[in-house]
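Here the structure is laid out as structure tokens; the discussion comes afterwards.
The values are calculated or read from the model by the stated rules, or taken from the named source; none is laboratory data. Because the structure is a prediction, the values reported are computed rather than measured. Every residue, glycine as well, gets a Cβ built from its backbone with ideal geometry; the counts of neighbours run over all protein chains shown.
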Amino acid sequence: MQYLAYKESRPRGSFGYPVELYQLNPAHPQYHMPLHWHGEVEIIRLLAGRFDCTVGGETYQLRPGDLLFINSGLLHTGSPTRAIYDCLVFDLSWLASEAGVLQQLLKPLEQQLLQVKPYWPAQTESDASSAELRKAIDLAFEEARGQKPAYQLMVRAALSQAWGLILRERLTRPAPVSATGSRRQLQQIKAVLSLIEKQYQQDLSLAQLAAAAGMNSRYFCRFFYRMTGHTPIDYLNDHRIEAACCLLLSSDQTVTQIASACGFRDASYFIRVFKKYKKVSPRAYRRQAAAAAAGS
């Protein structure tokens, strides 16, 4: 999954089909979900293992069969444990297209005045509306995965049915009203994450990150750790290493070239940091991934 962009600004899918399906297992280079946010809706479906996910400050412990709806604009992060999970990310406005009545129906959700009820444990299938909703969501996942002829129409129809059920059965809740201080802190952390997204390939100092939040460096470190659970530099390095993993698997660039492309000006330092996060060297990581792919 391309969680390299904390506010993921790259286009989803293709023009006319703004949908992306991500399928993740422990071998995937971006198996762990760092704190990030995006303007699209995301649905997580856990197939195996466990997945602890924090969305908008609320933590959910997903078990196989559970669904998690992540509403637009919310900061979220996840820690999988021997998990296999799918993520479907799409632009909610795509369901309304240019039809005025549909735009009005979806407007409270698009404007983040309402939120879809986030957590749908598997056992709620005993409820008729929940079972019908799950059936529509499962169909959207399977059509997006299978990509049979006209799958785009099938995905759109399934998601439209799901959101129709959500609105008809009032499976929503008012978006929480944050205090002024809390809103300001969210904007500050988003500004820092956006800076990392756009400039992680360049030299980024602690002072630059602090300036993005409008803070001095000393206070900023405490603030960033409180919001993310990581120090700023540790978080930046983690982001860069995830980017490096993608390049190791998707390109034939040398380790030195990848180090430079991911913001490390010294290849030896890059290798040390890579080993810290991945427990193997970049070359070993590439070899292991190639061997796993050949054996699958």
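General observations
- Sole residue being modelled with pLDDT of 95 or more and either on the phi > 0 side of the Ramachandran plot or in a loop (DSSP other than H, G, I, E, B) (or both), chosen from 49, 39: 49
- Candidates 235, 200, 225 - the one that is over 19 Å from the mean Cα position of the chain (by Cα) and of a type in the set (Ser, Thr, Tyr): 225
Rundown of residues vs (1) modelled with pLDDT under 95; (2) basic (Lys, Arg); (3) in the same structural domain as residue 28 (by TED's automatic domain parsing), yes/no style:
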residue: 206; (1), (2), (3): no, no, no
residue: 229; (1), (2), (3): yes, no, no
residue: 262; (1), (2), (3): no, no, no
residue: 281; (1), (2), (3): no, no, no
residue: 287; (1), (2), (3): yes, yes, no
residue: 290; (1), (2), (3): yes, no, no
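- For the range 226-279, a residue qualifies if it is under 16 Å from residue 198 (Cα atoms) and of a type in the set (D, E, K, R), and the qualifying residues are 238, 240, 242.
- The listed residue being out of contact with any Asp or Glu (no Cβ under 7 Å at 6 or more places or on another chain), under 25 Å from residue 37 (Cα atoms) and not in a strand (DSSP E or B), out of 149, 64, 80: 64
- The single condition among (1) surrounded by fewer than 18 Cβ atoms within 10 Å (Cβ to Cβ); (2) touching a residue at least 12 places away in the same chain (Cβ under 8 Å) that residue 78 does not meet is (1).
- Within the range 111-128, considering residues that are in contact with a helix residue (DSSP H, G or I) (Cβ under 6 Å, 6 or more places away or on another chain) and assigned to a helix (DSSP H, G or I), the one modelled with the highest pLDDT: 124
- Any hit, the range 101-115, residues being out of contact with any Phe, Trp or Tyr (no Cβ under 6 Å at 6 or more places or on another chain), free of Cβ contacts under 8 Å to residues at least 60 places away in the same chain, among the basic types (Lys, Arg) and more than 20 Å from residue 34 (Cα to Cα): yes
- Number of positions in the range 152-170 that are part of a helix (DSSP H, G or I) and exposed (fewer than 15 other Cβ atoms within 10 Å of the Cβ): 2
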